[in-house]
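The values are calculated or read from the model by the stated rules, or taken from the named source; none is laboratory data. Here the structure is a predicted model, which is why all the values come from computation and not from measurement. Heads up, the Cβs are rebuilt from the backbone with ideal geometry, glycines too, and the neighbour counts pull from every protein chain shown. Each accessible area value is taken on the protein alone, full model and side chains, heavy atoms only, with ligands, DNA and RNA left out. Shrake-Rupley method; radii C 1.70, N 1.55, O 1.52, S 1.80 Å.
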Amino acid sequence: LVFRRAEPGFPIKCDVHPWMTTFCWVFDHPFHAVTSEDGKFSISGLPPGDYVIEAWHETLGTRSEAVTLTAGESKQIGFTFEITKK
C-alpha cells in the first residue's frame, strides 16, 4: 500500500476481535515519534525554525506546544493529559 499524500490519523480495526484497534498517520516529513512505555519521546534532526509539536492520545485528545529552534539547539518539552472522572 502506497499513500500519495499525508493523511490524518485514522483507525484500523480487526473484524474478528473488536478490542483490537490501531491508528495510522501518514506524514509527508520524517519528524514524528511514538512515546516509549514511560511516556518519553525524541524527535531529532529538525532544522532551525518555528514549530508546533503536537501530542495525541486516543481518548484524552490533543495537546500542542510552539517551539523555536536555533542551529545546534535542543529543547525539552512535556505534555500533560488529565483523566477526568465522569
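Structural remarks
- Net dipole in debye of the chain [+1 Lys, Arg Cβ; -1 Asp, Glu Cβ; about Cα centre; nearest 20]: 180 debye
- Using a Gaussian network model of the chain in which every pair of alpha carbons under 10 angstrom is joined by a spring, one finds that among His17, His32, His57 the greatest mean-square fluctuation is at His17.
- Surface accessible to a 1.4 Å probe, per residue, for the residues of the chain, Å²: 89 Å²
- For the pair Trp25 and Val67 in one chain, pulling the backbone fully straight at 0.36 nm per residue adds 12.9 nm over the alpha carbon distance.
- Neighbour-limited loop hits for GluC sites (Glu not before Pro), the range 54-83 (at most 16 other Cβ within 10 Å; DSSP other than H, G, I, E, B): Glu58, Glu73, Glu82
- Shown for the chain: the carbon plus sulfur share of the solvent-accessible area, taken with all protein chains present and a 1.4 angstrom probe, equals 53%.
- The chain shape via C-alpha gyration tensor axes, a/c threshold 1.5: oblate
- Our summary gives the range 9-57 a relative contact order of 23 percent, counting only alpha carbon pairs under 8 angstrom and 6 or more residues apart.
- Partners for Lys85 among lysines (Cα-Cα distance below 19 Å; same-chain residues under 8 apart left out): none
- Taking a straight Cα-Cα cut-off under 14 Å and skipping sequence neighbours fewer than 8 places away in the same chain, the aspartates and glutamates within cross-link reach of Lys40 are Glu54.
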